[in-house]
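The values are calculated or read from the model by the stated rules, or taken from the named source; none is laboratory data. Just so it is clear, the structure is predicted and the values come from calculations on it, not from any experiment. Cβ sites come from the backbone with ideal geometry, for glycine too, and all protein chains shown count toward neighbours. Keep in mind that these areas ignore ligands, DNA and RNA; they rest on the heavy atoms of the full protein, side chains included. Shrake-Rupley method; radii C 1.70, N 1.55, O 1.52, S 1.80 Å.
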Amino acid sequence: MTVPPTPLRFGYGTNGFTNHRLGDVLAVLADLGYDGVALTLDHGHLDPYAPDLPRRVAEIARDLDRHDLDVTVETGAPYLLDPWGKHQPTLMSDAAEHRIDLLRRAVRIAADLGSPTVHLCSGPAPHDGLPPADAWKRLAAGVETVLETAEEYGVSLAFEPEPYMFVDTVERCLELAELVGGHELFGITLDVGHAHCVEERTVLECVRLAAPRLLNVQIEDMRRGVHQHLELGAGEIDFPPVLAALRDLGHRGLVSVEIQGGSLDAPDVARRSLDFLRAASA
């Protein structure tokens, strides 16, 4: 007897609910029928540098359990560490220790929340004349340092290729995996819109390439060459084959909607997104 593929589990990113209190975000997503949440550590929601962080983490953990929501922790807040420099400092910067500290905090928070993964990305390429080979070495060294903490807490790192960043494709992400020795806790977050935006491969080819290390999926619509997160159905991506491929691969992580510009109408955008995903994966 043929066993049907495991249904996909859908989440929604808190960076699309910046005008809501985090507790309210979780309640809205649970009421809409989402399976989980992609929680971006940031000033307005769960600030990893807050003086009462242990209390806040315990409170959110209780909320997640009460609403029966899975969670993945994300660290892509653009100005969390530097109010002037987007995604600065990076693991390739002279001040990389600040990024390392953030990622270690994220791993500890993830463990306390029951998140199996922490998302991270490379940030932009260095602009100080650092040769690419040295940038790769710094990036790998920083990731290896964070992996030490990940090992301690049993949390995986889910590295995301981002458009116009130093690591911008799945292939470069796999190159980084090799540089950290193929560590078993190093995985990939694949953003479907980003893949359509910048990859030479098709989205389906990117899914297959990332599959052995795929931990998380982010999803939104996009147009080729334009890094703008659009509502599902407003861009160029053909979603049913992508969702079918993820399902057939047995993807067990969240497939999380990431529409940062939707905060002013967040509940409606989240509702429309879940309706779209359910229809597209039927």
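Here is how the numbers come out for the structure above:
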item	result
Over the chain, relative contact order from alpha-carbon pairs under 8 Å, at least 6 apart, %	20 percent
Beta bridge orientation in the chain: antiparallel %, DSSP, nearest 5	5 percent
Unit charges at the beta carbon, dipole of the stretch 129-282: most positive-side option, V255, L179, P241	P241
Kirkwood-Stokes translational diffusion coefficient of the stretch 1-72, alpha-carbon pairs, 10 °C, 1.306 mPa s, µm²/s	121 µm²/s
Probe 1.4 Å, accessible area per residue of the chain, Å²	45 Å²
Student exercise, the stretch 138-181 dipole from Lys, Arg, Asp, Glu Cβ charges, in Debye to nearest 20	100 debye
Amide H contacts of V71 (H built 1.01 Å from N, under 5 Å, at least 5 apart or other chain)	V37
Overall dimensions of the stretch 109-254 by Cα: Rg and Dmax, Å	15.4, 44
Additional length obtainable on full extension of the chain from E59 to T6, 0.36 nm per residue less Cα span	16.0 nm
Net length gained if the chain between E151 and A244 were fully extended (0.36 nm per residue, minus Cα distance)	30.2 nm
Alpha-carbon centroid distance for the pair the stretch 35-53 / the stretch 123-200, whole angstrom	22 Å
Two-decimal log10 I(q)/I(0) for the stretch 160-233, as the Debye equation yields it once each C-alpha is a single scatterer, q = 0.25 Å⁻¹	-1.15
